[in-house]
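A short write-up of the structure that comes next.
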Amino acid sequence: RATMTVLEDGSVLVTGDKPNNDTYEVELPTDLRGITALRLEVLPHPSLPDGGPGRAPLFSVGDFLLSELEVTAVPADDPKAARRVPIADASQDYAEKGRPATLAIDGINDTGWTIKGGTGRAHAAVFEFKEDVGGDRGTRLVVTLRQDGIHQMTIGRFRLSAATDPRPVKASGLPAEVEEALLVPAGQR
C-alpha cells in the first residue's frame, strides 16, 4: 500500500508499494469563498525514479499518468450537501505531445496528462471550475486523483492549492522555477 507523507513545504511525497494504478484522495479544508480553480503541482524528489515527479521505474521512468481529476465540495456546516464540482477546463505548463491536462477531465480512464520528456522538473496543471466554490462557514474540498495507467505510472510528489483568480484561470506556461522567482520582489531576486 502506498504511503503519503506531508512535507514541510505542504507537498505530499508518496512512498511504499507501487501498484500499476492507484487513486489518491486528498481532503483540503478551506475558508476561501469564490474558489475558481484548483492547481496541481507535480514536483521532483531525489527518492523518485529519474527525480520524478512520477513513480514509474520502467519504460516511462519518472513519469505518471493522471487519468482523471475530480473535486467534491463539502460545506463545513452541512456535510450532506456535498456536491461534485464541474470542471470547465484544464491547462498545464508542460505535457507530452498529445497528452494535455484536459485529458484528465474527459471522463475516459484510458487517457490522461503525462509529462514524458519533462521528468526531473516541477510542472503544474490548473483545473478551472465551471462555477465558484466555497461557503461562508468553510468548505472541505475532496480531490480525487485517478491514475489508471500501467507500469506504475503514479504521481510521486505533488501539492494542491485553490485559486480565487478571475476566470479564465490558466497555467502560466512558465517553468515552476521561473514562477517561484517571479514571486520574489524584483529587488530581492
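In terms of Cα to Cα distance under 15 Å, which aspartates and glutamates are near enough to LYS80, apart from those fewer than 8 places away along the same chain? Those aspartates and glutamates meeting the cut-off do not exist here.
I want to make sure I understand the PRE zone here: with the label point 7 angstrom from the Cα of ARG84 toward its beta carbon, which residues in segment 100-129 have backbone N atoms less than 20 Å away? Of the residues in segment 100-129, 101-113, 127-129 have backbone N under 20 Å from the label point off ARG84.
Determine, for each peptide in 104-113, 73-82, 57-66, the mean count of other beta carbons within 10 angstrom over its residues, then list the peptides with the highest first. Before the final figure, lay out the partial values.
On the way: 104-113: 17.8, 73-82: 12.7, 57-66: 21.5.
By packing density, highest mean first, the sequence is 57-66, 104-113, 73-82.
Per residue, the solvent-accessible area of the chain (1.4 Å probe, heavy atoms of protein chains only, all protein chains present) comes to 50 Å².
Take each peptide in 16-27, 123-134, count the other Cβ atoms within 10 Å of every residue, and average; sorted highest first, the result is 123-134, 16-27.
What percentage of the solvent-accessible surface of the chain, computed with a 1.4 Å probe over protein heavy atoms, is contributed by carbon and sulfur atoms? List each step's numbers first, then the result.
Numbers: 4760 of 9490 Å².
C and S atoms contribute 50 percent here.
Put simply, the Cα atoms of segment 40-189 extend 46, 45, 27 Å along their principal axes, the longest span coming first.
Which order do peptides 95-101, 116-122 fall in by mean Cβ count within 10 Å, highest first? List each step's numbers first, then the result.
Working: 95-101: 16.4, 116-122: 18.0.
Packing proxy ranking, top to bottom: 116-122, 95-101.
The values are calculated or read from the model by the stated rules, or taken from the named source; none is laboratory data. All of these numbers come straight from a predicted model, not from anything done at the bench. With ideal geometry, Cβ positions are generated from the backbone for all residues, glycine too; neighbour counts draw on all protein chains shown. SASA here: full protein model, heavy atoms, side chains in, ligands and nucleic acids out. Shrake-Rupley method; radii C 1.70, N 1.55, O 1.52, S 1.80 Å.
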